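The values are calculated or read from the model by the stated rules, or taken from the named source; none is laboratory data. All of these numbers come straight from a predicted model, not from anything done at the bench. FYI the Cβ positions are ideal-geometry reconstructions off the backbone, even for glycines, and counts take in every protein chain you see. Keep in mind that these areas ignore ligands, DNA and RNA; they rest on the heavy atoms of the full protein, side chains included. Shrake-Rupley method; radii C 1.70, N 1.55, O 1.52, S 1.80 Å.
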Amino acid sequence: MSAAPTATPAATADDDEIMYESMPRLRVYKSRVERYPAGSDFVAASTDAVTGVASRDTAISPNVSARLYLPRLDTADAVDARLPVLVYYHGGGFCLFSAFDSTYHAYLNAFAALAHALVVSVEYRLAPEHPVPAAYADSWDALAWVVSHSSGAGHDPWLARHADPSRLYLGGDSAGANIAHHVAMRAGASIRGLVLVHPYFLGSDEVGSDGLDPAMRERLGRLWRVACPAAAGEDDPLINPLADGAPGLEALACGRVLVCVAGADVLRDRGRAYYDRLGASGWRGEAEMWQAPGKGHRFHLLEPGCDEAVAQDTAISGFLNR
């Protein structure tokens, strides 16, 4: 005998309350999430005709995949060259964008050519369907997969043949920089350095750059509440690594950190505070800060050809290759 049908609860006005939206990509209601195809711009992996960078996709686990970028190896000597490796986490407030979208593909294709580095761009699960800390777990799995190739073994031929395990870096922009910080705190000495570009850190304390765009600052706070509903506000150590109770930055085991900030970004002073705290913490590594005057959050993705974007990428490339 089939079960009696159950009634579907009637929708209420509260169900249609919009908690957050970033159109044309995403609208988050109190009781559901809507993603829109018009906001997706995925591109296939390929060999770029201009830079010669080859890219391809790989599955790491049921939840995690990645796009790898290998720069052109022109000479016979270079065929077996060992390259610095950048494990890169994309931004988007934990809720938006993809390692496979056209913006990140174009950016990392160009960066791999500039830095002559092997880049692993991680596709992690997005909130709010998969609330934070899912992104941290996926990102850790991606790093562990890369490290598994350190002996020259592992199933990925590019990593096995070309990765220099002594030059393994983590990096990301915005929420991806937040992820990179947390993964680095866990990774120990397996990574050489950390690159934080316009890191998405918040806090209940007011900082000067909050006033650059109060509406944007409020949106970033609301986005965090959507991405991690279980968080203890903006002083949760996941979003505020300088909060009371957060792990001390002196525990960061890598030897080098580069923090990039943008002068007109509401998150600017959060990045500066991270850099200052790192220096004052007793951490024994080498920290650098680079600033783009007058530029906003993630400007390098919105204006990739501008002088400041070129200068920022050159600074990151130099950091990886020293």
Which numbered condition PRO84 misses (of (1) crowded, with 24+ Cβ neighbours inside 10 Å; (2) touching a Leu at 6+ places or on another chain (Cβ under 6 Å); (3) under 21 Å from PHE319 (Cβ atoms)): (1)
Single residue of SER31, SER98 found to be at pLDDT 95 or above, over 17 Å from ALA163 (Cβ atoms) and of a type in the set (S, T, N, Q): SER98
Leading residue by the ranking (most open to solvent (accessible area, probe 1.4 Å)) among those in the stretch 241-268 that are closer than 17 Å to ALA315 by Cα and not in a loop (DSSP other than H, G, I, E, B): ARG256
Residues satisfying the stated conditions in the stretch 73-92, i.e. out of contact with any strand residue (DSSP E or B) (no Cβ under 8 Å at 6 or more places or on another chain) and not polar (S, T, N, Q): LEU73, ASP74, ALA76, ASP77, ALA78, VAL79, ASP80, ALA81, GLY92
Residues of the stretch 279-322 classified as open to solvent by 50 Å² or more (accessible area, probe 1.4 Å) and either among the hydroxyl-bearing types (Ser, Thr, Tyr) or under 19 Å from ASN109 (Cβ atoms) (or both), total: 7
Members of the stretch 269-284 found to be of a type in the set (A, V, I, L, M, F, W, C) and part of a helix (DSSP H, G or I), listed by number: ALA273, LEU278, ALA280
Odd one out for ASP276 among (1) open to solvent by 60 Å² or more (accessible area, probe 1.4 Å); (2) under 30 Å from GLU34 (Cβ atoms): (2)
PHE94 being open to solvent by less than 50 Å² (accessible area, probe 1.4 Å) and not in a loop (DSSP other than H, G, I, E, B): no
Residues of the stretch 285-303 satisfying the condition of being over 20 Å from the mean Cα position of the chain (by Cα) and part of a loop (DSSP other than H, G, I, E, B): GLY285, PRO293, GLY294
Failed condition for TYR69, given (1) touching a residue at least 60 places away in the same chain (Cβ under 8 Å); (2) open to solvent by less than 10 Å² (accessible area, probe 1.4 Å); (3) not polar (S, T, N, Q): (1)
Filtered residue count, the stretch 190-230, keeping only those that are open to solvent by 20 Å² or more (accessible area, probe 1.4 Å), small (Gly, Ala, Ser) and over 30 Å from GLY318 (Cβ atoms): 4
Identity of the residue in the stretch 53-88, touching an Asp or Glu at 6+ places or on another chain (Cβ under 8 Å) and not aliphatic (A, V, I, L, M), that ends up nearest to LEU223 (Cα to Cα): ASN63
Residues that are of a type in the set (Phe, Trp, Tyr), crowded, with 23+ Cβ neighbours inside 10 Å and closer than 24 Å to MET185 by Cβ, drawn from the stretch 105-152: TYR124
Residue among GLY171, GLY154 that is assigned to a strand (DSSP E or B) and either in contact with a Ser or Thr (Cβ under 6 Å, 6 or more places away or on another chain) or under 23 Å from ALA315 (Cβ atoms) (or both): GLY171
Matching residues in the stretch 28-66 - criterion: being part of a strand (DSSP E or B), within 21 Å of the chain's Cα centre (by Cα) and loosely packed, with under 14 Cβ neighbours inside 10 Å: PHE42, ALA59
Single residue of the stretch 169-189 satisfying the filter (of a type in the set (A, V, I, L, M) and open to solvent by 10 Å² or more (accessible area, probe 1.4 Å)) that is modelled with the lowest pLDDT: ALA189
Filter pass, SER174 being hydroxyl-bearing (Ser, Thr, Tyr), touching a residue at least 24 places away in the same chain (Cβ under 8 Å), under 23 Å from ALA135 (Cα atoms) and in contact with a helix residue (DSSP H, G or I) (Cβ under 8 Å, 6 or more places away or on another chain): no
Identity of the residue in the stretch 156-166, open to solvent by 50 Å² or more (accessible area, probe 1.4 Å) and in contact with a Lys or Arg (Cβ under 9 Å, 6 or more places away or on another chain), that ends up farthest from ARG270 (Cα to Cα): ARG161
